[in-house]
Each structure stands twice: as structure tokens, then as C-alpha cells.
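Enquirer: Below is one structure. I have some questions about it.
The values are calculated or read from the model by the stated rules, or taken from the named source; none is laboratory data. Please read these numbers as outputs of a predicted model, since none were measured by experiment. Positions of Cβ are generated from backbone atoms using ideal geometry, with glycine treated the same way; all protein chains shown enter the neighbour counts.
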Amino acid sequence: MTHLERFMNHPLEVQEELFKRLIGKSRQTVFGKQFDYSSIKRVTDFKTRVPTHTYEQLYPYIERVLKGERNVLWPTPTAWFAKSSGTTNASSKYIPVSPEALKEGHYKAGKDMLAVYINNYPDSQVAKGKSVGLGGSLYPNDLHPGSDTQYGDVSAVLMKNLPFWAQWSRTPDLTVALMGQWEEKVEKLASITAKNNVTSIAGVPTWVLLLLQKVMALQNKRCIHDVWPMLELFIHGGIAFAPYKPLFQAITSKELRYLEVYNASEGFFAVQDQVSSEDMLLLLDHGIFYEFMSLDEIKKEHPKTVGLEEVVLGKVYALLISTNAGLWRYQIGDTIKFTSLAPFRIKITGRTKHFINAFGEEVVVDNAEAAMEKACQLTDAILSDYTAGPCYLEAGKSGNHEWIIEFAKPPSDVERFIDVLDTTLKKINTDYEAKRYKNLVLARPIVHCVPQGLFYQWLKKQGKLGEQHKVPRLANDRRYLDEILSML
């Protein structure tokens, strides 16, 4: 039995064993001594003794690791930190990446991902060419000058530490892949990779599209398969893919297979394992112990969490992790729901801080993506990017949701697009429907169709170009809306 089959067939036992290994290895760390890991025998002890942590609450420990102190959160010396930007304007986070997190987490999951893909597609030729990944950059750790510790986007950390066989199979070399200037890097990436036999590409859809467009322009082609005839696989994550699929279909002349993954600075969590479904298999033997929190627990001082044995199908949970890099009961900020309990499969539903609830409507990213997809389908539109937020109540006037949408192909009828967006949100979210009743609280949405390239310019203005940066879909205030609208 492979380890994949084992955790699919025996998930609770595998997670229990992993939990005991994590606790056992960390007993003599600063954190382990503070919370008396030596006496923790069961998960219930762990939950009782160790509080849940946001990044801000865990940062005093992480800062000590950044400054070079050892054995704080995890016993193994940590030389790498993944810099995560969170939302576009949020302060950066520095996530420790231990040797175990690399080997037993990210790389093990990467190999499993390819094994799943090859098993699903035995005719695959993906190994006969090069892979392209859009990476970030690395920088010396300013908090520990003179040391060999570095930080950067998780993609850059992973690329820098890839084993030789994986380095050989990718393009371009690290001198280009880890360049700091994003726009110059994309130009060089396009120039170099256009001359290679590329069979797979990985990244966030918006940035991958940008690279593909550059490659085609350099070669004066309208189809990416005219440049890379053996391109067969796009590995994607970070944002919902459905709105972008038509854009990829428009520049391909043969089948391009799509594989969704759920990986982040903190670890590699899930991978799409079925050809017939976009649900992702939760990875249970990759250095991460999971807990799940109901959304109504998030703001409580002592929130309750459940394990895999208690999760409910279809319910939305905030995700908590304890890892082999020393993140303990860490609230990653994502929300998920289970679509299968045997084995455990999930879908990402959004972010704990990305929602609109200015009027009690509780619209989450999952709602927005579904409504946007339906509106695009019925008006023959192709989405490029969007964000939304509230337009607040005024005396004698209802509030609204205000949307800024950039289309690759505009709707055939903008007013119908708005109606479908609104109607779909009502159907899938009863709180939104109640607030829209007779326009008493919420009136019809306001939609701004903006020129192509506006979101790119907004990200550039904020110094946020690159793989790790994504346009926040929803916000419960107007900071993104007002900034973008001011650029029109």
C-alpha cells in the first residue's frame, strides 16, 4: 500500500501518528517547554493547553527565529522564510520553512501530485520536456545580518532548494527565475522559454496568462501550441480558475489539461486527484496536522475546533494547522468546505478576511465566484479580474455592493450581466436575498466595467507585481474600491 492509499484509507490513524511525531520532536523547544509538550498525550490535551494563533500572535516567536535564535518553535535550524503578502495592502508575513517542511511537505506533495497526474493520464508526455514555473525572488534576512538565512516568495524558496533532477527538468535557470525586477524577469522568461520544449507550466492563472501572451507575441503566434506543441499540463492555484478557463482555451489548439493544487507559504495542503471532479484530496501525511473551526468561533477568545472525525459535509470551516516548521494551531486565513469524507476532499471557499458583511449579508468569495461565473456564461463574457466592496447606507437611501470588473471580453449586455450576478447571489445566499428584499437595505449592485490593464497598473503602483500578489476579491470596506476608482 502506498502512503497515498494509506492516508486515504486510514486518515484518522495517519493524522494521529503525525500529531504525535510533531509533539514528540518539539518537546525541548522554547514553545514546547512553555506549553509542557512533554505531558501532552492526546489531541484533547493539545487543544486545552495550546491556544490558537493568528500570525500576529505567533510573530514574537517567529521574530526570534528570524534573529537567529534556535530551538524556538522547531528543533531544526531554519535558514529559509517564505514571505507572504496576504492581501494587497496587508503587512508581509515571514513563514519559517524548515528542512522537514521542504522535504516531507512541499517536495513530497509535489511528487505525489505528479504521481496522481500520471496515474490519471498514462499517455502523458510531460516528462519529455521542460516545466516552467513563475517564481519570486530571494533576499538576505535583515534581522540576522551576516547569516546565510534568506526570505522570499515560497516559489523562490522552493526553486532554490530543488533537488538536481528537478532543476534539470525546469526552465529557465535560477539566475533568471529568481530575478528581482518582475517586468524584466517576465520579458526574459518569455524570451528563453519560447526556445524550449515546454510540456507543463505552473502558477497563478493571471500571471501565467501574462507570460503566455508575451511568449506568443515574441514568436508572432496567436496560439501557444504553435510555440510549445507538446504543452499538455497547467498546474494552477491561488484563485478560482473557472473564470479564466475561456482565456486559456482561446490560445490553445489542442487539449490542455488542468490540475488544481492548494499550496501556500505554510505548506502543501491538497491536490486535485480525479479527472471528473475539481475537488481536491486533502494531503494528510505531509507534515501538517489539521483542525477546523466554524466561522462563528473565529472571534471568540477560546474558539472550539474539530478534527477530521467531526467535520460535516458542505459546512464552511476556517483552516488551522500545526506543522513540521513550528506553526502551532495556526489560523492560515483560508476557509474550506468538505465535498467528500471518504476520502477527505475539499474545496477552497475564500479567506476569513475576504467577505462583504456591511449589512448582514455575509457574502463570501465562494458566492462571488459562482455568481460571476454564471453571469459570464449567460452574457458570453470572459473575466479578467475583479474586486467588490460595500457602498454604505445614506439617509433615505439603500446601500449597495459596488463591483469593479475588468473583462477580457465584455458582456453582450451589461445590464443583464448585473441582473444575473444579483439573481445568482440571491439564490445561493439567503442572507443576501433577505437584505435585497424590496431594496430596503441593499439596492441593485453597481458595476464599473474598467479598461483592460487597470488592475495590473494598480498592483504595479503598489509594488505588488508577481506570483504572490493577487487582487483581493472582496473587502468589507472601500479601501480597494476607492484606490482603483481614483485611477480611472
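Enquirer: Quick one: would you say I224 is farther than 19 Å from K460 by Cβ, modelled with pLDDT of 90 or more and surrounded by fewer than 20 Cβ atoms within 10 Å (Cβ to Cβ)? Give the steps one after another, and end with the answer.
Expert: Details: farther than 19 Å from K460 by Cβ: yes; modelled with pLDDT of 90 or more: yes; surrounded by fewer than 20 Cβ atoms within 10 Å (Cβ to Cβ): no.
It is false that I224 is farther than 19 Å from K460 by Cβ, modelled with pLDDT of 90 or more and surrounded by fewer than 20 Cβ atoms within 10 Å (Cβ to Cβ).
Enquirer: Further, regarding this structure: Suppose the filter is among the charged types (D, E, K, R), farther than 30 Å from K300 by Cβ, surrounded by fewer than 21 Cβ atoms within 10 Å (Cβ to Cβ) and free of Cβ contacts under 8 Å to residues at least 12 places away in the same chain; does E394 pass it? Walk me through it before giving the result.
Expert: Values: among the charged types (D, E, K, R): yes; farther than 30 Å from K300 by Cβ: yes; surrounded by fewer than 21 Cβ atoms within 10 Å (Cβ to Cβ): yes; free of Cβ contacts under 8 Å to residues at least 12 places away in the same chain: yes.
When the stated conditions are applied, E394 passes them.
Enquirer: Tally time: how many residues in region 54-81 are outside any helix (DSSP H, G or I) and crowded, with 21+ Cβ neighbours inside 10 Å? First the steps, then the outcome.
Expert: Step one: filter region 54-81 for residues outside any helix (DSSP H, G or I), giving 54, 67-81.
Those left that are additionally crowded, with 21+ Cβ neighbours inside 10 Å: 72-74, 78, 80-81.
Of the residues in that region, 6 qualify.
Enquirer: Okay, next question. Hand me the list of strands (runs of 3 or more DSSP E) wholly inside region 110-194 holding 3 or more residues that are under 25 Å from the mean Cα position of the chain (by Cα) and over 30 Å from R70 (Cα atoms).
Expert: Numbers: elements: 130-133, 138-140, 150-152.
Because the criterion is at least 3 residues that are under 25 Å from the mean Cα position of the chain (by Cα) and over 30 Å from R70 (Cα atoms), the strands (runs of 3 or more DSSP E) in region 110-194 that meet it are 130-133.
Enquirer: Could you list, in sequence order, all residues of region 139-166 that are modelled with pLDDT under 90 and exposed (fewer than 15 other Cβ atoms within 10 Å of the Cβ)?
Expert: Matches in region 139-166: G146, P163, F164, W165.
Enquirer: Just give me the residues in region 10-29 being surrounded by fewer than 18 Cβ atoms within 10 Å (Cβ to Cβ), part of a helix (DSSP H, G or I) and not small (G, A, S), in sequence order.
Expert: Initial filter on region 10-29 (surrounded by fewer than 18 Cβ atoms within 10 Å (Cβ to Cβ)): 10, 12-14, 16-17, 20-21, 24-25, 27-28.
Within this subset, residues satisfying the condition of being part of a helix (DSSP H, G or I) are 12-14, 16-17, 20-21, 24-25.
Hits for region 10-29 are L12, E13, V14, E16, E17, K20, R21, K25.
Enquirer: Of all residues in region 154-194, how many are among the acidic types (D, E) and under 18 Å from P99 (Cβ atoms)?
Expert: From region 154-194, those among the acidic types (D, E) are 173, 183-184, 187; that's our starting set.
Subsequent filtering for residues that are under 18 Å from P99 (Cβ atoms) retains none.
Final tally of qualifying residues: 0.
Enquirer: Could you list all residues from region 212-268 that are more than 24 Å from P410 (Cβ to Cβ), touching a Ser or Thr at 6+ places or on another chain (Cβ under 9 Å) and part of a helix (DSSP H, G or I)?
Expert: Once the filter is applied, which keeps residues that are more than 24 Å from P410 (Cβ to Cβ), touching a Ser or Thr at 6+ places or on another chain (Cβ under 9 Å) and part of a helix (DSSP H, G or I), region 212-268 yields V215, L218, H225, D226.
Enquirer: Assuming F164 fulfils every condition listed in (1) touching a residue at least 24 places away in the same chain (Cβ under 8 Å); (2) farther than 23 Å from F7 by Cβ; (3) among the aromatic types (F, W, Y) apart from one, which condition is it?
Expert: (1)
Enquirer: Of the residues that make up region 368-377, is at least one part of a loop (DSSP other than H, G, I, E, B) and surrounded by fewer than 16 Cβ atoms within 10 Å (Cβ to Cβ)?
Expert: Of the residues in region 368-377, the ones part of a loop (DSSP other than H, G, I, E, B) are none.
Looking for residues that are part of a loop (DSSP other than H, G, I, E, B) and surrounded by fewer than 16 Cβ atoms within 10 Å (Cβ to Cβ), one finds none in region 368-377, hence no.
Enquirer: Can you tell me which residue within region 397-437, out of those that are among the hydroxyl-bearing types (S, T, Y) and crowded, with 18+ Cβ neighbours inside 10 Å, is modelled with the lowest pLDDT?
Expert: So the first thing to find is which residues in region 397-437 are among the hydroxyl-bearing types (S, T, Y), and the list is 398, 412, 423-424, 430, 432, 437.
Applying the additional criterion that residues be crowded, with 18+ Cβ neighbours inside 10 Å yields 424, 432.
Details: T424: 96, Y432: 93.
Among them, the one singled out is Y432.
Enquirer: For region 435-446, indicate whether the set of residues that are assigned to a helix (DSSP H, G or I), farther than 30 Å from L178 by Cα and either among the hydroxyl-bearing types (S, T, Y) or touching a His at 6+ places or on another chain (Cβ under 8 Å) (or both) is non-empty.
Expert: Start the filter on region 435-446 by keeping residues that are assigned to a helix (DSSP H, G or I), which leaves 435-439.
Those left that are additionally farther than 30 Å from L178 by Cα: 435-439.
Among the residues that remain, those that are also either among the hydroxyl-bearing types (S, T, Y) or touching a His at 6+ places or on another chain (Cβ under 8 Å) (or both) are: 437.
So far as region 435-446 goes, yes, one or more of its residues are assigned to a helix (DSSP H, G or I), farther than 30 Å from L178 by Cα and either among the hydroxyl-bearing types (S, T, Y) or touching a His at 6+ places or on another chain (Cβ under 8 Å) (or both).
Enquirer: Has region 275-287 got any residue that is under 20 Å from the mean Cα position of the chain (by Cα), under 20 Å from E17 (Cβ atoms) and not in a loop (DSSP other than H, G, I, E, B)?
Expert: yes
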